Each structure stands twice: as structure tokens, then as C-alpha cells.
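Some notes on the structure that comes next.
The values are calculated or read from the model by the stated rules, or taken from the named source; none is laboratory data. These numbers come from a predicted model, not from an experiment. All Cβ positions, even for glycine, are placed from backbone atoms using ideal geometry, and neighbour counts span all protein chains on display. For the accessible areas, the whole protein counts, side chains as well, though only heavy atoms, and no ligand, DNA or RNA atoms are used. Shrake-Rupley method; radii C 1.70, N 1.55, O 1.52, S 1.80 Å.
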Amino acid sequence: MAFGKQSRENLRRSFALQFEPDGIGYLYRRDRRGPALRLSAEEREDFVSGYARAVRVLSWSIVVGILAVFGVLAAMGIEDGPVWHRIGVTAVVVVGFMAAHTWIWYAPARVLSYRVPSAPAAPPEDRRALFFARLEYPKLALGLVAAPFMVWSASRVTDILHGWGRLWILAAVALILLVLIQAFRKWRYERTRR
């Protein structure tokens, strides 16, 4: 999530990459793949600064929301209740953050939807190259490190060898498989591009 200043700056930079310089203005491509929509430098700056401001507000509202929800749970005497209370609250917060962030991220697409595209969407091969360029091996390695840590962390709270606790092991295995598959796909793509 976007709580630190550096994290918010990284999100702002990623958002700004959707705008390609084009003469005196810019071309907006949704997720750097969609049809190109022409806009001015001022419009681009308004979108980027508005996005940065909205992410900052969203980040702090999540912190306040989590504290409020856990405060209510504590007031009701549920703070030492089942683990699923905390997991449920965390899941609701994460899903809420993702939904709000997606809404903010696609604001330019909604505002510019009435404009006629200046260029067609990026071809599939360009989109594939962009996907694999964004996919970095250190990030994949982080997933491999996170999986055992996730199981270890869950084992401190619940019995992961019996009942529903086995889902933690299943989730870790699924994460490891996903990372390995993506690493193989990236390696194969880079090898065939040479």
C-alpha cells in the first residue's frame, strides 16, 4: 500500500508513464496500452497532481479506517477473538483500497472518454514486451521469500497442519508456483527476443 512518501512517489511516477510526450502536448494511453488520446501539458499536470493528492488522502484514510475498525472491535471485546476477525478486517481494507485506487488510476480514461483516439491501441507484441519489462526478477524473488515467511507467521497463530490452517500452506505453494511460472515465462521471452 502507499503509506510512505517514497511509495507514493513511485505510484505517481507509474501513473505519469501513461502520458507519452507528443510535440507540445501528451498522448494518454490507459495502462500504456490503450488507444492514444491527445491532451495538453496542463491537463496532464492536473491529472498527475490530482492522482498524487488522491493517493495521499486515500493512504491516510486507510490508516484512520483501520484504527477505527480495530478500535470498535476492541471496544466490543473482540480484539482477542478468532484470527478470522483480523483477517476479515484486513481483507476488507485491502479490497477497499484496491477498488478506490483503481477508480483514481483510471480517472483520465473516464474524463477523456469523449475524445477521438489519435492512434490505435498498442499491438499485442508491444503490450507483451511492456509486461515483461515491468516484471523484474528481484520482485519475483521477493515472492519466493514471502511464501515461507507467510507460512511461518501463520504457524505462530494457528495450527497450519490441521483443519483450515492448511490453507496457509496451499496459499504459499500457489504463490511459489505463480512466481516460478512467471519467472520461466520472462526468461523464455527474453531468450527468444535475442
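Could you please report the charge total around residue 121, scoring K, R as +1 and D, E as -1 over all other residues with beta-carbon less than 11 angstrom from its beta-carbon?
Numbers: positive: 29, 30, 32, 33, 127; negative: 31, 126.
Combined, the nearby Lys, Arg, Asp and Glu give +3.
Calculate what fraction, in whole %, of the accessible area of region 1-67 sits on carbon and sulfur atoms when a 1.4 Å probe is rolled over the protein chains. Carbon plus sulfur share of accessible area: 58 percent. Keeping all protein chains in the complex and leaving out DNA, RNA and ligands, what accessible area do you get for residue 152 with a 1.4 Å probe, in Å² to the nearest 10? Residue 152 exposes around 130 Å² with every protein chain in place.
Which whole-number value in Å² is the accessible area per residue of region 1-46, probe 1.4 Å? Walk me through the numbers on the way to the answer.
Details: 2750 Å² over 46 residues.
Result: 60 Å² of accessible area for each residue.
Using Cβ point charges alone (K and R +1, D and E -1), the dipole size of the chain about the Cα centre works out to roughly 700 debye.
In deg cm²/dmol, rounded to 500, what helix-only [θ] at 222 nm does the chain give when every DSSP H run of at least 4 residues adds -39500 (n - 2.57) and the total is split over its residues? Display every interim value, and only then the final one.
Values: 7 runs with 133 residues, N = 194.
Computed ellipticity for the chain at 222 nm equals -23500 deg cm²/dmol.
From the square roots a ≥ b ≥ c of the eigenvalues of the alpha-carbon gyration tensor of the chain, which class results: rounded (a/c under 1.5), prolate (a/b over b/c), or oblate? The shape class here is oblate. When only Cα pairs below 8 angstrom with a gap of at least 6 residues are kept, the chain shows a relative contact order of 20 percent. Return the single residue from 39, 112, 177 with maximal mean-square fluctuation; model: Gaussian network over the chain, springs between Cα atoms under 10 Å. Sorting by GNM fluctuation, first place goes to 177.
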